[in-house]
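No lab work stands behind these numbers, since they all come straight from the coordinates. The model shown is predicted, which means the values in this text are computed figures rather than measured ones. Don't worry about glycine lacking a Cβ; one is built from the backbone with ideal geometry, like all the others, and counts go over all protein chains shown.
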Amino acid sequence: MPKIILQAEFDSILQVIAELSDGGSLEEIRSALKVSLPRRTLQRRLHHLVQQSRVVLEGRGRASRYRLPLAQANIYLAPGLSAAQTQQPRTSNSLVVSPGGEAIRQAVRAPVQSRQPTGYNRAFLDEYRPNVVFYLSPETRQHLRELGRLPHDRGLGGTYTGNIFKRLLIDLSWNSSRLEGNTYSLLETARLIELGEATEGKDAREAQMILNHKAAIELLVQQPGGVGFNRYTILGLHALLSDNLLSDPQACGRLRSIAVAIGGTVYHPLEVPQLIDECFQQVLDTAAAISDPFEQAFFVMVHLPYLQPFEDVNKRVSRLSANLPLVRHNLCPLSFVDVSQRAYIDGTLGVYELNRTELLRDVFVWAYERSCARYSAVSRSLGEPDAFRLRYRVLVSKTVFEIVSACMDKKAAAILIRQQATQDVPTGDQTRFVEVVETEVMSLHEGNIARYQLGPSEFEKWHAVWNRSSQADEIRTD
């Protein structure tokens, strides 16, 4: 079985090198490490760090010494906790930054002219081995799993998110847009999503950004079994999120073929279209191979923005993509509640300029803790979900949608409902299924049709037919 390599192991090595004023030899580093490593293993780790340009090798043979690049010399000198301790889970109402994260924050907040320009480092992606290398420690992953898991989780993937869908639609659309500088308030976002009312005096692009988020979130939540880390899903998310926002409409849902520059950073993304395509597919394949949903979510938050596969809207795609494994595993979604724009940007810059994940990891873990706290309260306010409705949620929605979209009257609807029950529901559940669907159909009104992906015009047309059949029934009764 391959050895699991944690980021903390590399951090320990780098911290020791930073504490050696003139760098250190292999033996000096080995003797100073708190964790015992075989000599050959330490050599491999140091070789890996040299290839990543995170360590400089000077001299040859016995005279070889390892030191940090000048631009990074102070990053690992954070006092207090050890590198291993920085990954311990914690829950707080305010963001707690690990020593490594704090050092990265200071590095990326230095004046741009004092930071070392850097380009895309393919080795950063190549050296990540799914289920062998981890950005999140076992303790952190377990902590998040315990927070995000539903005690009554017996439904299909996506049922939890479906229960809190309306709240998630507003929260994630607002927070993700806010992180891009959107000035809509939470209440303004709610009115736009629920009523289609844009706020006067606001840039039309801001309203478009929020509505694009709504469409993309609907794709994730309403098709949890049909989306994943593949081109169809990620390109589709980009097409939805970038709709009517790019100067070139043809760039929506397509990998970029032009060079891009990112403001406020010394990082320069890849420019060769063939390499962008290769790395994009590698990111997708790697993400799909990761078994833990939280590691999977964080991996795409790291590598999709770092690659910058699209002309714009890359970070938005990564934030929604991070929810893919959470929705699929029926875990609490990540809506970036309370995350400050500055903390998120600093964490992302740490990846761009240093290939360091600790600060973004701190933000990710805290953001998930805050999301879980929010949706736990929402779930309690909604009451305990009906397990039967959870189990047949998709089929109920499909049946209701078909009845309305086909403008069925009562007689036709009753026939269809019985057919669906006979074909797709076990015998013992058929009577209850018919009752649930009939109740849903009879309870339809213009305020709840959105959950069935129905529009007002469809509803009005069907409702007129339904009312006429009701009146006919009354006449026959008289």
> So how do Ser318, Ser335, Ser25 line up by other beta-carbon neighbours within 10 Å, fewest first?
Replying inline: Ser25, Ser318, Ser335
> If amide H atoms are built 1.01 Å from N in the plane of the peptide, which residues on other chains or at least 5 residues away come under 5 Å of the amide H of His268?
Replying inline: Thr118, Gly119, Tyr120
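Among residues other than Leu320 whose Cβ falls under 12 Å from its Cβ, what is the net charge (Lys/Arg +1, Asp/Glu -1)? All intermediate terms of the calculation are to be shown ahead of the outcome.
Values: positive: Lys214, Lys315, Arg316, Arg319; negative: Glu218.
With Lys, Arg at +1 and Asp, Glu at -1, the neighbours total +3.
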> What list do you get for Ser397, Ser371 if you sort them by fewest beta carbons within 10 Å?
Replying inline: Ser397, Ser371
> ³J(HN,Hα) across region 272-288 via Karplus (A = 6.51, B = -1.76, C = 1.60, θ = phi - 60°), whole Hz, x for Gly/Pro?
Replying inline: 7, x, 4, 5, 4, 5, 4, 5, 4, 5, 5, 4, 5, 5, 5, 4, 5
> How do Ile290, Ile17 rank when sorted from fewest to most other Cβ atoms within 10 Å of their own Cβ?
Replying inline: Ile290, Ile17
